[in-house]
1. Could you give each residue of the stretch 64-80 its phi-based ³J(HN,Hα) in whole Hz, using Karplus coefficients 6.51, -1.76, 1.60 with θ = phi - 60°, and x for Gly or Pro?
2. Straight-line reach only, C-alpha to C-alpha below 30 angstrom: list the lysines that residue 322 could link to, leaving out same-chain residues fewer than 8 apart.
3. Using +1 at the C-beta of Lys and Arg and -1 at the C-beta of Asp and Glu, which of 59, 247, 278 has the Cα lying farthest in the positive direction of the dipole of the chain?
4. Amide H of residue 297 versus every other amide H placed in the peptide plane: which residues, excluding those fewer than 5 positions away on the same chain, fall under 5 Å?
5. Amide H neighbours of residue 97 under 5 Å, at least 5 residues apart or on other chains, H built in the peptide plane: list them.
6. Which cross-chain or sequence-distant (5 or more) residues have an amide H under 5 Å from the amide H of residue 195, H modelled 1.01 Å from N in plane?
7. Which whole-Hz ³J(HN,Hα) couplings does the stretch 142-159 yield from phi under the Karplus relation 6.51 cos²θ - 1.76 cosθ + 1.60, θ = phi - 60°, glycine and proline marked x?
8. What is the distance in Å between the Cα centres of the stretch 270-303 and the stretch 92-125?
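Taken together, the values in this text are just the output of simple stated rules run on the coordinates, not laboratory data. Fair warning: this is a prediction, and the values are worked out from it, not measured in the lab. Cβ sites come from the backbone with ideal geometry, for glycine too, and all protein chains shown count toward neighbours.
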Amino acid sequence: MNFSRRALLKASAASAVLGGIGAPFVARAQQAEFTYKYANNLPDAHPLNVRAKEMAAAIKTETNGKFDLQIFPNNQLGSDTDMLSQIRSGGIEFFTLSGLILATLVPAASINGIGFAFPDYDTVWKAMDGELGAYVRGQITKANLAVMDKMWDNGFRETTSSTKPINGPDDFNGFKIRVPVSPLWTSMFKAFDAAPASINFSEVYSALQTKVVEGQENPLAIISTAKLYEVQKYCSLTNHMWDGFWFLANRRAWEKLPEDVRTIVARNINAAAVNERGDVAKLNAGLRQELAGKGLTFNQPETAPFREKLRSAGFYSEWKGKYGDEAWALLEKSVGKLS
């Protein structure tokens with residue numbers, strides 16, 4: 001039974017007048033058997049959180065109030081690294097994390113972010129909903145976490161700067177760029193002779209504002225919702241890596257749920273992921289114009305010279321060695337030969 005706050009206050013007042021006769025019933029009707037926390041690092045307005053709210057409401061309805069999913073957006077429960085440790089200990093039950101950061105625990109999880117590998121979304125979803133995604137999910141499960149089937153979209157990543165547009169690989173030479181706390185990014189930008197600095201997302205705006213770094217790289221949806229256009233002048237549509245979020249669960253908390261509840265929760269989470277993909281694609285299509293109106297200057301460089309630079313710098317062969325032949329073969333099966 002769902003009460004609005006006002007209805008609940010009226011019910012409580014009425015029960016008080018009646019000497020508390022109705023109070024225990026009201027309390028019981030509101031009580032969920034399972035109250036799980038879902039944390040993420042994205043602003044409240046991002047499609048991921050919009051779809052998560054819908055999904056939480058649908059789960060509550062379908063389980064007759066038995067399962068209550070509480071959403072904590074925008075790093076409210078800590079940085080990505082904090083929340084990863086909380087999901088492992090059971091401090092939070094659900095968490096969406098970029099595969100590129102999950103790689104600190106599950107090395108194979110960052111394979112979708114290999115520089116200049118995926119040319120478009122069709123190739124991404126074929127790989128991540130197919131054999132490559134299944135392989136990564138198997139590795140995540142081995143790390144003692146539960147993981148949902150569908151990845152959520154974070155979009156292709158673009159490069160912004162306060163000093164100059166990036167037109168080719170040489171423009172990265174000596175460029176001070178913020179990257180997430182992840183070896184794959186550091187390795188890629190070092191291959192371009194840039195100066196990458198690993199900074200948690202919650203500190204990005206101030207690092208750009210105070211010129212600790214000249215630039216950063218993120219999908220347009222995040223550049224917009226985090227208002228990075230206020231502290232950047234140029235946006236180069238490099239599409240240098242595709243990034244998405246795995247929807248992770250604490251294994252003990254997940255296995256504690258009755259099977260029928262688990263089925264409802266998983267079905268709604270996976271359906272929300274597919275809806276969010278469509279939202280992000282639509283959002284990105286309109287965002288270039290909107291961000292240009294807010295002062296960002298756009299350019300679209302050719303990707304072939306960047307891929308060639310990574311190949312000659314030994315970036316692809318180095319990461320093939322790290323991921324192993326099986327994972328690399330599944331990647332190349334989707335995107336073609338890299339190394």
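1. Per-residue couplings from phi come out as 6, x, 6, 10, 10, 9, 9, 9, 10, x, 6, 6, 4, 9, x, 6, 4 Hz.
2. Answer for residue 322, where 30 Å is the Cα cut-off: 126, 142, 150, 176, 190, 309, 333, 337, listed by chain and number.
3. Going by the Cα projections, it comes out as 59.
4. Answer set, sorted by chain and number: 234, 235.
5. When sequence neighbours closer than 5 places are left aside, the close amide H contacts are 246, 248.
6. When sequence neighbours closer than 5 places are left aside, the close amide H contacts are 174, 175, 176, 177.
7. These are the phi-based 3J(HN,Hα) values: 5, 8, 6, 10, 8, 9, 6, 5, 9, 7, 8, 8, 10, x, 6, 8, 10, 9 Hz.
8. That distance is 19 Å.
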